[in-house]
1. Out of the residues in region 113-160 that are open to solvent by 100 Å² or more (accessible area, probe 1.4 Å) and at pLDDT below 85, which is farthest from G42 (Cα to Cα)?
2. Can you name the condition, by its number, that T170 falls short on among (1) in a helix (DSSP H, G or I); (2) closer than 30 Å to N66 by Cβ?
3. If you scan region 67-92, which residues turn out to be free of Cβ contacts under 8 Å to residues at least 12 places away in the same chain and either surrounded by 14 or more Cβ atoms within 10 Å (Cβ to Cβ) or of a type in the set (A, V, I, L, M) (or both)?
4. For residues that are assigned to a helix (DSSP H, G or I), exposed (fewer than 11 other Cβ atoms within 10 Å of the Cβ), within 22 Å of the chain's Cα centre (by Cα) and of a type outside the set (D, E, K, R), tally how many sit in region 47-66.
5. For region 89-121, which residues satisfy the criterion of being over 13 Å from G135 (Cβ atoms), hydrophobic (A, V, I, L, M, F, W, C), out of contact with any strand residue (DSSP E or B) (no Cβ under 9 Å at 6 or more places or on another chain) and part of a loop (DSSP other than H, G, I, E, B)?
6. Count, please, the residues in region 67-88 that happen to be part of a helix (DSSP H, G or I) and either modelled with pLDDT of 95 or more or of a type in the set (G, A, S) (or both).
7. Kindly indicate which of F156, F117, F165, F185 is aromatic (F, W, Y), closer than 26 Å to S61 by Cβ and more than 22 Å from the chain's Cα centre (by Cα).
8. Between a first residue in region 174-188 that is over 16 Å from S158 (Cα atoms) and touching a residue at least 24 places away in the same chain (Cβ under 8 Å) and a second residue that is open to solvent by less than 40 Å² (accessible area, probe 1.4 Å) and not acidic (D, E), which pairs have beta carbons less than 7 Å apart while being 6 or more apart in sequence or on different chains?
Amino acid sequence: MCRKKFESNSNKKHKIDYYDLDDLDNKKHKIDYYDLDTLFAGQHGFRNGHSCETALHELISLVNVNRDKRLISLLLFIDFRKAFDLVDSRLLLRKLFHYGFDASALNLIANYFTDRFQTVKYDKKRSPLMSIKLGVPQGSVLGPLFFLIFINDLAFISELVCKMFADDTTLVDADEHLETLIRRFKKN
């Protein structure tokens, strides 16, 4: 069964067209919807043609260009702890609405996040079921996509160059003077 993927309300169309609903749970399936034009171009995680190597290549190239210009590069490496577990589905649904998802798609996605429970089993003992209020299901096909959409605007809150691989984020700036760089990093 195939369904049309979403299109933004803007005139800008996304690269993607269709996906196979019957194949969504096949983890080996390459999914084109990770190539949404809406996703930040500096995000290299979970996207076709992108990898940690492409992110690293862009960072090294940028540092080399700065070095050739005799500039000092300052890089800040950020790794968000338990990032996938901290996604708030209510905020994610608001973002999806602003990306142009219609009410029926939003209701379906809201249902995906509703009534989720977890338990822990150790030896022969099992904990009581606990409701899951935050996070995207890890190991699912949709989890990484929802995570990327959730953090998509992170790159736009700073004037610094931003490169991302999933939740690993690197901020970069360059200047002739280290003190100026440090001041800009503190400001951003």
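The values are calculated or read from the model by the stated rules, or taken from the named source; none is laboratory data. Please read all numbers here as calculations on a predicted model, not as lab measurements. Positions of Cβ are backbone-derived with ideal geometry, glycine not excepted, and every protein chain shown enters the neighbour counts. The accessibility values were calculated without ligands, DNA or RNA, using every heavy atom of the protein model including side chains. Shrake-Rupley method; radii C 1.70, N 1.55, O 1.52, S 1.80 Å.
1. Across region 113-160, the extreme among qualifying residues is Q138.
2. T170 satisfies all of (1) in a helix (DSSP H, G or I); (2) closer than 30 Å to N66 by Cβ except (1).
3. none
4. 1
5. Correct list: F101 only.
6. Residues meeting the conditions: 3.
7. When all the criteria are applied, what remains is F185.
8. Close Cβ pairs (under 7 Å, with a partner that is open to solvent by less than 40 Å² (accessible area, probe 1.4 Å) and not acidic (D, E)) amount to D175/L181.
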